[in-house]
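Peer 1: Quick one: the structure is below, questions incoming.
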Amino acid sequence: MESLYVKAWVFMITFFVAASMTVVAIWSSNEINIKQARIEEITTDYRAYIDELEKQKLQMNFDCNENMTQLNSNISNLETIITQKDNNISNLSILRESLMLEYTLYKDTTQSKINDYNNLSAELNATKDLVLYNPTYAEMAVFLDTDLTDEHEYNNTEYGNNYYVCKQFARDVKYNASLQNIKCAYVLLTLKNDTTNETSSHAINAFDTTDKGLYFVESKTDQLTTGLAFNTTYEYTYNERILDITIIW
């Protein structure tokens, strides 16, 4: 009897142990499943997070490349602008040098013309106290034939040292005539070219001969002409029209 009782207790204990182990096994399996599910959820979330980071990385790389492209374009534009400004500064410097040169030449030329005018005035004033007479036509012709002014070389180089044009020819003819007591006029013509609409001045001489009247002389060639008047054509300067005649005796 005792043996049955002991067996019964052993059976019961074995049953309870087995049942407990089964319960523990079932509980452990559920716990594992829950943890596995949680791990899979976390893994899915992690992968989604990694994918989002990859997308953000790709977008950042794209934006960075776009910004770098725009930045390089801006730098290129700035370099072009700087180059243009450097060229403008260089051109302005060249223009300044050119204007300074023109100013210097103009100043020198103006001073030269002022000096010529002063010399001409002095030479003309030097003859005003001489006793001059109006020549005959023959006396005028002899003077022009012997006077060497017309053999002087014409030189219209503005900045040269041997500048010698119509006003110098007319000045010297008048002065040389006065040295022979012959009255000779310095004549200034104001001319207009109707083709170009430009005006200019031209210097010649005049003699009021006692037997044949007033003669105008082209100082460079000793050519004679009469009857010069306002609005007529002066044939020795490319047929320009006379706007004004100033005669200085």
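Peer 1: Can you spot a residue in the range 203-210 that is modelled with pLDDT of 95 or more, part of a loop (DSSP other than H, G, I, E, B) and touching a strand residue (DSSP E or B) at 6+ places or on another chain (Cβ under 9 Å)?
Peer 2: Checking the range 203-210: at least one residue is modelled with pLDDT of 95 or more, part of a loop (DSSP other than H, G, I, E, B) and touching a strand residue (DSSP E or B) at 6+ places or on another chain (Cβ under 9 Å).
Peer 1: Which one is surrounded by the most Cβ atoms within 10 Å (Cβ to Cβ) among residues in the range 173-195 that are β-branched (Val, Ile, Thr) and at pLDDT 90 or above?
Peer 2: 173
Peer 1: Follow-up question, since we're still on this one. When you go through (1) surrounded by 12 or more Cβ atoms within 10 Å (Cβ to Cβ); (2) small (Gly, Ala, Ser); (3) on the phi > 0 side of the Ramachandran plot one by one for residue 170, which number turns out not to apply?
Peer 2: Against the list (1) surrounded by 12 or more Cβ atoms within 10 Å (Cβ to Cβ); (2) small (Gly, Ala, Ser); (3) on the phi > 0 side of the Ramachandran plot, residue 170 comes up short only on (3).
Peer 1: Let me ask another. Which residue, of 111, 59, is modelled with pLDDT of 75 or more, surrounded by 10 or more Cβ atoms within 10 Å (Cβ to Cβ) and assigned to a helix (DSSP H, G or I)?
Peer 2: Sole residue among the options that is modelled with pLDDT of 75 or more, surrounded by 10 or more Cβ atoms within 10 Å (Cβ to Cβ) and assigned to a helix (DSSP H, G or I): 59.
Peer 1: Any residue at all in the range 121-143 that is at pLDDT 65 or above, assigned by TED's automatic domain parsing to the domain that holds residue 219, of a type in the set (S, T, N, Q) and surrounded by 10 or more Cβ atoms within 10 Å (Cβ to Cβ)?
Peer 2: Within the range 121-143 (the criterion being at pLDDT 65 or above, assigned by TED's automatic domain parsing to the domain that holds residue 219, of a type in the set (S, T, N, Q) and surrounded by 10 or more Cβ atoms within 10 Å (Cβ to Cβ)), the answer is yes, since at least one residue qualifies.
Peer 1: Also, I was wondering about something else. Inspect all residues belonging to the range 167-185 and state whether any of them is under 40 Å from the mean Cα position of the chain (by Cα), part of a helix (DSSP H, G or I) and not basic (Lys, Arg).
Peer 2: yes
Peer 1: Right, next: When residue 231 is evaluated against the numbered criteria (1) without any contact (Cβ under 8 Å) to a residue 24 or more places away in the chain; (2) under 25 Å from residue 148 (Cα atoms); (3) part of a loop (DSSP other than H, G, I, E, B), which criterion, by number, is the only one it fails?
Peer 2: Of the numbered conditions (1) without any contact (Cβ under 8 Å) to a residue 24 or more places away in the chain; (2) under 25 Å from residue 148 (Cα atoms); (3) part of a loop (DSSP other than H, G, I, E, B), the odd one out for residue 231 is (2).
Peer 1: Further question on the same structure: Among (1) farther than 30 Å from residue 220 by Cα; (2) modelled with pLDDT of 65 or more, there is one condition residue 152 misses while meeting the rest; what is its number?
Peer 2: (1)
Peer 1: Shifting gears a bit: Tally time: how many residues in the range 155-166 are assigned to a strand (DSSP E or B) and either closer than 17 Å to residue 217 by Cα or outside the structural domain of residue 203 (by TED's automatic domain parsing) (or both)?
Peer 2: 0
Peer 1: For residue 220, all conditions in the list (1) in contact (Cβ under 8 Å) with a residue 24 or more places away in the chain; (2) outside any loop (DSSP other than H, G, I, E, B) hold save one; what is the number of the exception?
Peer 2: Going through (1) in contact (Cβ under 8 Å) with a residue 24 or more places away in the chain; (2) outside any loop (DSSP other than H, G, I, E, B) one by one, residue 220 breaks only (2).
The values are calculated or read from the model by the stated rules, or taken from the named source; none is laboratory data. This one's a predicted model, so the numbers in the text were calculated from it and none came from an experiment. Note that each Cβ is placed from the backbone with ideal geometry, even for glycine, and that neighbours are counted across all protein chains shown.
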